[in-house]
Amino acid sequence: MAVERTLSIIKPDAVAKDVIGEIYSRFEKAGLKIVAARMAQLSREDAEGFYAVHKERPFFNDLVGFMISGPVMVQVLEGEDAIRKNREIMGATNPKEAAAGTLRHDYAESIDANAVHGSDAPETAKQEIEYFFKADDICSRS
Ligand code: RTP
Ligand code: MG
């Protein structure tokens, strides 16, 4: 299985709950190494650009409003099968459907305030990493 990189965001709800450390611990225990990280207060423009793929969806405005409601923690995770593994650790989009032991089961309030984001495919991972980080800001650890 190839070593991959994926973009992860700890959303404003989970930052406000002070569970950054617990979420990082889940990543590390699963073999996902943090190779770049920064906290950011996204502007409306930043959030709209990041979620541009959802522009026509009915939840777009709420999603953008939520993502700018407080600081987020953005990180690049590196490891074998990192994209799929991170999605597995995150759990289903709707926390009511998320399996026990997943981040969204344990830390998310609702489908809007759902604690974490993770890239869903290699192409989106590449685009999303480039959205937040310059190549020089990422430290390879594999
Ligand atoms: P994410 O992109 O944040 O990792 O989440 P995801 O892949 O599991 O879900 P996606 O379909 O990409 O949707 C992005 C975010 O939009 C919000 N959402 N709300 N009210 C709704 O029906 C609805 N559907 C999606 C969620 O916060 C989701 O994480
Ligand atoms: Mg998504």
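If only residues of the range 104-123 that are of a type outside the set (D, E, K, R) and within 11 Å of the chain's Cα centre (by Cα) are counted, the one that is surrounded by the most Cβ atoms within 10 Å (Cβ to Cβ) is Ala115.
Go through the residues of the range 5-17 one by one and say whether even a single one is out of contact with any Ser or Thr (no Cβ under 6 Å at 6 or more places or on another chain), aliphatic (A, V, I, L, M) and either at pLDDT below 95 or in a loop (DSSP other than H, G, I, E, B) (or both). Lay out the reasoning, then the answer.
Going through the range 5-17, the residues out of contact with any Ser or Thr (no Cβ under 6 Å at 6 or more places or on another chain) turn out to be 5, 8-11, 13-17.
Those left that are additionally aliphatic (A, V, I, L, M): 9-10, 14-16.
Filter again for either at pLDDT below 95 or in a loop (DSSP other than H, G, I, E, B) (or both), leaving none.
For the range 5-17, residues out of contact with any Ser or Thr (no Cβ under 6 Å at 6 or more places or on another chain), aliphatic (A, V, I, L, M) and either at pLDDT below 95 or in a loop (DSSP other than H, G, I, E, B) (or both): absent.
Would you please name the residue that is farthest from Asp46 (Cα to Cα), looking only at residues in the range 61-76 that are hydrophobic (A, V, I, L, M, F, W, C) and away from ligand 2 (no atom under 15 Å from the Cβ)?
Per the stated criteria, the residue is Val76.
Got at least one residue in the range 71-94 being free of Cβ contacts under 8 Å to residues at least 40 places away in the same chain, more than 9 Å from ligand 1 (Cβ to nearest atom), more than 25 Å from Met1 (Cα to Cα) and more than 13 Å from the chain's Cα centre (by Cα)? No: zero hits. Condition first: without any contact (Cβ under 8 Å) to a residue 24 or more places away in the chain and within 16 Å of ligand 2 (Cβ to nearest atom). Now tell me which residues in the range 95-109 satisfy that. Within the range 95-109, Pro95, Glu97, Ala98, Thr102, Arg104 meet the criteria.
Would you say Val15 is within 14 Å of ligand 1 (Cβ to nearest atom), touching a residue at least 24 places away in the same chain (Cβ under 8 Å), within 13 Å of His117 (Cβ to Cβ) and surrounded by 15 or more Cβ atoms within 10 Å (Cβ to Cβ)? So Val15 fails the test.
For (1) surrounded by 16 or more Cβ atoms within 10 Å (Cβ to Cβ); (2) at pLDDT 95 or above; (3) touching an Asp or Glu at 6+ places or on another chain (Cβ under 8 Å), each residue gets a yes or a no:
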residue: Val76; (1), (2), (3): yes, yes, no
residue: Ile89; (1), (2), (3): yes, yes, no
residue: Thr93; (1), (2), (3): no, yes, no
residue: Ala98; (1), (2), (3): yes, yes, no
residue: Ala125; (1), (2), (3): yes, yes, yes
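For the range 127-142, the tally of residues that are in a helix (DSSP H, G or I) and either surrounded by 15 or more Cβ atoms within 10 Å (Cβ to Cβ) or within 16 Å of ligand 2 (Cβ to nearest atom) (or both) stands at 5.
The values are calculated or read from the model by the stated rules, or taken from the named source; none is laboratory data. Because the structure is a prediction, the values reported are computed rather than measured. For neighbour counting, all protein chains shown are included, and Cβ atoms are generated from backbone atoms with ideal geometry for every residue, glycine included.
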